[in-house]
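Visitor: I have a structure here, written as structure tokens, and I will follow up with some questions on it.
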Amino acid sequence: DAGVIQSPRHEVTEMGQEVTLRCKPISGHDYLFWYRQTMMRGLELLIYFNNNVPIDDSGMPEDRFSAKMPNASFSTLKIQPSEPRDSAVYFCASGGGSGNQPQHFGDGTRLSIL
Amino acid sequence: AQSVTQLDSQVPVFEEAPVELRCNYSSSVSVYLFWYVQYPNQGLQLLLKYLSGSTLVKGINGFEAEFNKSQTSFHLRKPSVHISDTAEYFCVVGATSGTYKYIFGTGTRLKVLA
């Protein structure tokens with residue numbers, strides 16, 4: 001049973017460039033979450049989707065961040081333009097049904113903006 | 001609203017000794033409780049969950065946790081730790097209705113010493 005798959009695992013790019021992070025949730029899960037993890041702020045929820053529809057994007061830091069879920073098996077998180085303070089590990093998680101179904105996390109994308 | 005407090009940021013312990021990682025929560029509604037583990041350069045993996053019923057919950061890798069409603073605690077325990085248990089552990093609260101959002105504790109770094 002494949003877990004949540006994220007790509008790339010590592011991304012190093014220069015300030016001002018566009019960054020796209022990708023996520024494939026577990027098949028059958030109808031919730032998808034994007035998190036950011038930093039030493040200073042810990043784990044932060046950026047946005048989550050239910051049945052491909054964004055439900056809560058209150059954690060998205062600013063307009064430079066956008067997320068889409070065009071279908072049940074794919075989501076992207078885009079940063080444009082990127083800044084050094086965006087450097088972090090970004091996790092995607094998926095879950096099924098309701099709150100008693102645990103969220104399953106991918107291995108994350110380690111993003112470094114120079 | 002919910003909140004989670006992990007009382008110890010770091011816990012060093014010798015191999016084969018017992019360990020307890022403490023977690024307290026507050027919530028105005030009933031909650032689900034989870035412990036996740038994060039090994040270096042990996043995503044979060046579910047250790048165990050409390051949804052309802054028995055207050056003693058057993059998880060993977062020999063871990064267990066006890067839900068104490070009167071003390072609003074959900075402490076994680078293991079009777080004998082191994083070097084391989086060195087990781088960061090997160091206590092997580094989720095509401096039983098209304099939202100699928102998790103509230104994460106700040107994490108406890110468990111370091112098992114030889």
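Visitor: Can you check what the net charge comes to around residue B:87, using other residues whose Cβ is under 13 Å from the Cβ of residue B:87 (Lys, Arg +1; Asp, Glu -1)?
Guide: Result for the local shell: +1.
Visitor: Right, something else. Excluding residue B:27 itself, what net charge comes from residues whose Cβ is under 14 Å from its Cβ, given Lys and Arg +1 and Asp and Glu -1?
Guide: Value of the local net charge: +2.
Visitor: A further question on this structure: Any chance you could list the semi-axes, whole Å, largest first, of the equivalent ellipsoid that the Cα gyration tensor gives for the protein assembly as shown, using √(5λ)?
Guide: Ellipsoid half-lengths, sorted descending, are 30, 21, 15 Å.
Visitor: Still on this model: Taking a cut-off of 18 Å between Cα atoms, list the lysines near residue A:68, but don't count ones fewer than 8 places away on the same chain.
Guide: Within the straight-line limit of under 18 Å, residue A:68 reaches these lysines: A:24, A:78.
Visitor: Summing Lys, Arg as +1 and Asp, Glu as -1, what charge do residues with Cβ under 13 Å from the Cβ of residue A:65 carry, residue A:65 excluded? The partial results should precede the final answer.
Guide: Details: positive: A:36, A:64, A:68, A:78, A:85; negative: A:18, A:44, A:57, A:62, A:63, A:83, A:86.
So the surrounding residues net to -2.
Visitor: Here is a follow-up. Quick one: longest stretch of chain B between exposed loop GluC sites (Glu not before Pro), exposed meaning at most 16 other C-beta atoms within 10 Å and loop per DSSP?
Guide: B:17-114
Visitor: What range in chain A is the longest one free of trypsin sites (Lys or Arg not before Pro) that are in a loop by DSSP and have at most 12 other Cβ atoms within 10 angstrom?
Guide: Working: sites that count: A:9, A:41.
It runs A:42-114.
Visitor: Compute the orientation-averaged projected area for chain A from the convex hull of its Cα atoms and round it to one decimal in nm². Write down the numbers at each step before the final one.
Guide: Values: hull surface 26.7 nm².
If you wrap the Cα atoms of chain A in a convex hull and average its projections, you get 6.7 nm².
Visitor: How big is the Kirkwood radius of chain B, worked out from every pair of different alpha carbons and given in Å to one decimal?
Guide: On the way: mean 1/r = 0.0706 Å⁻¹.
One over the average 1/r among Cα pairs gives 14.2 Å for chain B.
Visitor: Still on this structure: Suppose R0 equals 35 Å; then what is the FRET efficiency for residue B:26 and residue A:7 from their Cβ-Cβ distance, rounded to the nearest 0.05?
Guide: On the way: r = 38 Å, r/R0 = 1.08.
Calculated transfer efficiency: 0.40.
Where a number appears in this text, it was derived from the coordinates with a stated rule and is not lab data. Small disclaimer: the values here were computed from a predicted structure and weren't measured. Please note: Cβ atoms are built from the backbone with ideal geometry, for glycine as well, and neighbour counts cover all protein chains shown.
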